[in-house]
1. Looking at this structure, is R370 within 30 Å of L56 (Cα to Cα) and among the basic types (K, R)?
2. In the list L81, L56, L61, which residue meets the criterion of being in contact (Cβ under 8 Å) with a residue 12 or more places away in the chain, crowded, with 19+ Cβ neighbours inside 10 Å and touching a helix residue (DSSP H, G or I) at 6+ places or on another chain (Cβ under 7 Å)?
3. With the requirement that a residue be closer than 30 Å to A229 by Cβ and of a type in the set (S, T, Y), what does segment 312-365 give you?
4. Out of segment 226-255, which residues are within 16 Å of the ligand (Cβ to nearest atom) and touching a Ser or Thr at 6+ places or on another chain (Cβ under 8 Å)?
5. Among the listed residues F238, F265, F271, F227, which satisfies the condition of being at negative phi and modelled with pLDDT under 95?
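The values are calculated or read from the model by the stated rules, or taken from the named source; none is laboratory data. Everything numeric here is computed off the predicted structure, so don't read it as measured data. Here the Cβ is made from the backbone with ideal geometry for all residues, glycine too, and neighbour counts use every protein chain on show.
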Amino acid sequence: MQNNNTPYEKIHVLQEGIPAYEALERISKELEKDGLPNYDLGSYTAIEMPAEAKLLIQLTLGKNMINKNEYSQTTIIHERLVKIIGNLLHVPDENDICGSSTTGSSEAIFMALLAAKWRWKQNGNQGDPNLVLCSNAHISWHKSARFLDIQVREVPLHIVNEYPIEAVRASIDENTIGVVAVLGCTYVGFCDPIVQINEMLEAVNTQYGWDVGIHVDAAIGGFVYPFVAHLQKVRWDFRLPLVKSINLSGHKYGLVYPGLGWLLFRDQNCFPEELKTTAEYLYGVSKSFTVSFSRSSSLIIAQQFCFLHYGMNGYKNIIENCLWNAEILTEAIQKCNFLQLVSESTLPIVAFKFTEEPSFPLVIYTELLRKRKWMLPYYKLSGELEDTVMRIVIRKDMTLEMIFRLVEDLEECYKIVKNEYTT
Ligand SMILES: *Cc1c(COP(=O)(O)O)cnc(C)c1O
């Protein structure tokens, strides 16, 4: 909408540019109005990387990863990372691997869904394809299914931390192209019982002669489970025979800045050849299967940096520290009698609600917290769940000192709002 009071430069490109230092100053000033990433309690994405990683990112920002010949070594690094991640996820054969980086889990999800639809079609099916998921699945599944004209059969959760396996079984039919399992629900952190889903599907497939597989949305848990001793034993990945594909967010617990995801298939057969774009390059033939074409290689290089610099033990220490801090926050919240925990997660995620329905709109509370810089997300749970929850994600950058300060503010702000609304 044209507004006569809007300064010219806000809706037009300036005729004459301004000096770089002035542009820097002006834009930085404007950006000060943003929230501070450290205080973003709801975000999963990494907000800080070591100086050496930043340097590598700077040095590689201009390299377009799609130019395989020009940047053949980058291509080799990319292929190497796919193998490293494949091995973390126990692919049956690292030489038969099929995977790629993406711009995030959502792009990976789109491609995985496309592949599932094609596999289903190649099996001679002709009806209208459907996808079975639960109400704890991320919104990007609904978005991709709509883009790809796939019917979504959403099975509602009635209890936050209980997977409705019988209702899932009942939703599957011959046109089901796959079942989505989440390793870490975005909203409360609950992890689906993937071993049981695999067993249930094996029985269904045997009974009806179908070939329904699992895609694991491990956007969050994919970079948590492989590093923590007691979670390493949990079979959720390619160790389970029906897991056909997995997505992970490199920019969440993969510890890389926003803009990086990973998509892995069990083997070459799981991704139809027809969907791959082939390009020859210096050291062989490269097959690409992402939506986007040009993309900077810098975040891929940053992922390589993390693997090299942290190693298994570094990731383990960082993630265990997040889990430890989440435990401390959980205990503190249990002590606040106006708050009640909603989920118990194996991931560093703490979701909670007010013990009693508050007499004030929740937004008043979160706005008061915002004045103290905290950005606390809240939302109504999906499906049959009525609760409105608040959620805190414990990231690498969140210190104990911050957590204690946060708990103090949660309490103080509650008192203030409550007083205002009872007098
Ligand atoms: C974050 C998230 C996504 C979307 O991933 P992006 O990496 O942000 O594109 C999908 N699924 C789950 C479970 C998530 O937590």
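1. It is false that R370 is within 30 Å of L56 (Cα to Cα) and among the basic types (K, R).
2. Checking each option against the conditions leaves just L81.
3. Passing the criteria: Y315, T330, S343, S345, T346.
4. Within segment 226-255, N247, L248, S249, G250, H251, K252 qualify.
5. None of the other options fit; the residue is F271.
Table: residues versus (1) of a type in the set (D, E, K, R); (2) over 25 Å from V204 (Cα atoms); (3) assigned by the TED database to the domain that holds G222.
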{"residue": "E79", "(1), (2), (3)": "yes, yes, yes"}
{"residue": "L88", "(1), (2), (3)": "no, yes, yes"}
{"residue": "P92", "(1), (2), (3)": "no, no, yes"}
{"residue": "S105", "(1), (2), (3)": "no, yes, yes"}
{"residue": "A116", "(1), (2), (3)": "no, no, yes"}
{"residue": "L133", "(1), (2), (3)": "no, no, yes"}
{"residue": "V152", "(1), (2), (3)": "no, no, yes"}
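Residue-wise test of (1) touching a Ser or Thr at 6+ places or on another chain (Cβ under 6 Å); (2) more than 17 Å from N325 (Cα to Cα).
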site: E344; (1), (2): no, no
site: A351; (1), (2): yes, no
site: F354; (1), (2): no, yes
site: R372; (1), (2): no, yes
site: T388; (1), (2): no, yes
site: D397; (1), (2): no, no
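So that you can scan it fast, the table gives a plain yes or no per residue for (1) away from the ligand (no atom under 16 Å from the Cβ); (2) surrounded by fewer than 20 Cβ atoms within 10 Å (Cβ to Cβ); (3) under 17 Å from P50 (Cβ atoms):
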| site | (1), (2), (3) |
| --- | --- |
| Q268 | yes, yes, no |
| T277 | yes, yes, no |
| G284 | yes, yes, no |
| R295 | no, yes, no |
| A302 | no, no, yes |
| N321 | yes, yes, yes |
| W324 | yes, yes, no |
| I328 | yes, yes, no |
